[in-house]
1. When you scan region A:315-326, do you find a residue that is in contact (Cβ under 8 Å) with a residue 40 or more places away in the chain and within 14 Å of chain B (Cβ to nearest Cβ), even just one?
2. Scan (1) touching a residue at least 60 places away in the same chain (Cβ under 8 Å); (2) within 14 Å of another protein chain (Cβ to nearest Cβ) for the single condition residue A:197 breaks and write down its number.
3. Do we have any residue at all in region A:81-94 that's in a helix (DSSP H, G or I), of a type in the set (D, E, K, R) and open to solvent by 60 Å² or more (accessible area, probe 1.4 Å)?
4. Taking the condition of being more than 14 Å from every other protein chain (Cβ to nearest Cβ) and without any contact (Cβ under 8 Å) to a residue 24 or more places away in the chain, how many residues in region B:102-126 meet it?
5. With (1) touching a residue at least 60 places away in the same chain (Cβ under 8 Å); (2) open to solvent by 60 Å² or more (accessible area, probe 1.4 Å) as the list, and residue A:307 as the residue in question, which single condition is left unmet?
6. Are any residues in region A:239-295 free of Cβ contacts under 8 Å to residues at least 12 places away in the same chain and not in a helix (DSSP H, G or I), and if so, which ones?
7. Residues of region A:11-32 being under 21 Å from the mean Cα position of the chain (by Cα), open to solvent by 50 Å² or more (accessible area, probe 1.4 Å) and touching a residue at least 60 places away in the same chain (Cβ under 8 Å), which ones?
8. Collect the residues in region B:154-183 that are surrounded by 15 or more Cβ atoms within 10 Å (Cβ to Cβ) and more than 11 Å from chain A (Cβ to nearest Cβ), keeping them in residue-number order.
Amino acid sequence: MAALTANVKVWRFIAAIIVLLTVFFTIAFYFKPIFITFIVGMAMILLTESMIRDYGKRMDKYNFRGWKATVLGYSLFFFWIFVIFFTLGTSLSEFKDVTQTLSETDRSVTQVYVDKIDNYIPNLLKERFMNEENIQKAEGTVISTLSTIVSQIGIFVFNGILIIPIMFFMYFKRKDDIIKQVFDIVPNKFHEGFIKAVNDTAMQLHDFFMAKITESIVVGSICCFGFYIIGLKGWLVLGLLAGALNIVPYLGPIIGAIPPIMIGLLDSSTTGLYVIVTVVIAQAIDNFYLIPFMITGKVKVDPLLGIVLILVGAKIYGVLGMVLAIPIYLIYKIILRESYQELVKIYTRPRKTK
Amino acid sequence: MPRRPRLLKKAKEISCDRPDPKRDFYHVLILIIIYLLLANAKSLKFNPFIPGRIMETYMVLPVIAGILFGCRVGLFSGIFGTIAASLIPKLNTTGLYDMIPHGIIGLIAGLYKNKIPSPILAFLIIIGQVLKTGIDIVLGNLSLSVALTQNFILGIMYESFIGIITIIVISSIYRLGFEERRK
């Protein structure tokens, strides 16, 4: 690795870039709902682009060309739209059943815990951590967090309906025009570095978001299947929730597991136990198979650094900070690396003598 | 005479993948476990068109097995999975004779997995339902007059529709999550 430059001008520019990036992200986080909608839109665009590319490869493999591939493509498109609406509709109706069950029952989770589980907990744990007061506080926190998430879903859905279709149109129809306009603004001498930075950033973010989406879909599917087998009320919505919350590092799987465990315990302690087993199996497949093969190889972040970034992100911006800590680090890393290399080339160029 | 070589050529094109006994054994074993889990599933739904009939969920498994893992896994999971599920006395939604339609559709799905896209192969479930109904009629479990009623046909189409959606969704998720790394 080459030694860092001692040129002050280079470091002044690097400092300015860090400040600009920090200001940009601070403004983005200030307008959180729009920023989240933008991120969700980008994730959906990446997923759609991967699906289109994969579809093209498969059609070549099956030797399906021309009108056959087009008809099948459009059929699949409408099929997935139908599946999404069908899933959302069924989830909403099941969610109503679940909330009705919770409101009809005359016992809270704390009472179920005291009746059914308390006897199995060692006294040492009961005195220090798992006493009735702490369980009641945890129940209250989980319910209020979930209520906050549900209440904000409406805002995000509204923003999404407005913004995401426009993002899709701009990306798939006018991507080349937008890239050309951006390149026209960038000075010629920075073109090479700019292209490399944009390509690297796009590739890294693509790999990261694809891995996270795939992880969530697979974990959600395993949970849906497990909850279906157990006969858990609202299996579809609870499985999808567990999958969606898996995006949040470390905390997400725990938060996602709590509602199905609570509802399972309200049914019977056996159902609660089966729910825990299902969640453990899903997380085991995630941590021992998906993450090593899908994320670690593609996203070049040291595991220890990743944990530190997530903790810092959690401190500064909460749950959103935890989810976006690594992508933001990747953006900083790539932009600063490319900027440094270009600046070093420019400011350490030997001067032409007359 | 000129037709024969073309038919032979087509028959040779449609064939099973190279056998990998260890891998195929584990796949069949996992699918048998899934058959047993489905046999014990508590979230069962009744067919809204056919009174008293529980929705047939197993039939998706051999088709998915054939599409993802090949004809051997499709065939053997259809046969042995059905045998295992029929031994569960609790629900008894499937009989031993169901291994015939399950095995056949699993085999066909595996044979054509490299020739036909999986969303089209998912329609094999309709063939499975027709075969199963045919076997029920032959064995006397179902009368022909009942099988030809509008409600029964609608019920079979409804189950097939749900099965097709399940096959496409599950095979897509599996390819997204577990085949991605092989690229």
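The values are calculated or read from the model by the stated rules, or taken from the named source; none is laboratory data. Just so you know, these numbers come straight off a predicted model, no measurement behind them. All Cβ positions, glycine included, derive from the backbone under ideal geometry; neighbour counts span all protein chains shown. Surface accessibility is based on the protein's heavy atoms, side chains included, excluding ligands, DNA and RNA. Shrake-Rupley method; radii C 1.70, N 1.55, O 1.52, S 1.80 Å.
1. No, region A:315-326 has no match at all.
2. The number of the failed condition is (2).
3. Step one: of region A:81-94, the residues in a helix (DSSP H, G or I) are A:81-94.
Retained after the next criterion (residues that are of a type in the set (D, E, K, R)): A:94.
Then keep just the ones that are open to solvent by 60 Å² or more (accessible area, probe 1.4 Å); that gives none.
For region A:81-94, residues in a helix (DSSP H, G or I), of a type in the set (D, E, K, R) and open to solvent by 60 Å² or more (accessible area, probe 1.4 Å): absent.
4. The qualifying residues number 0.
5. Status for residue A:307: all satisfied but (1).
6. A:268, the sole residue that qualifies.
7. Within region A:11-32, just A:32 meets the criteria.
8. Restricting attention to region B:154-183, the residues satisfying the condition of being surrounded by 15 or more Cβ atoms within 10 Å (Cβ to Cβ) are B:155-156, B:158-160, B:162-178, B:180.
Correct list: B:155, B:156, B:158, B:159, B:160, B:163, B:167, B:171.
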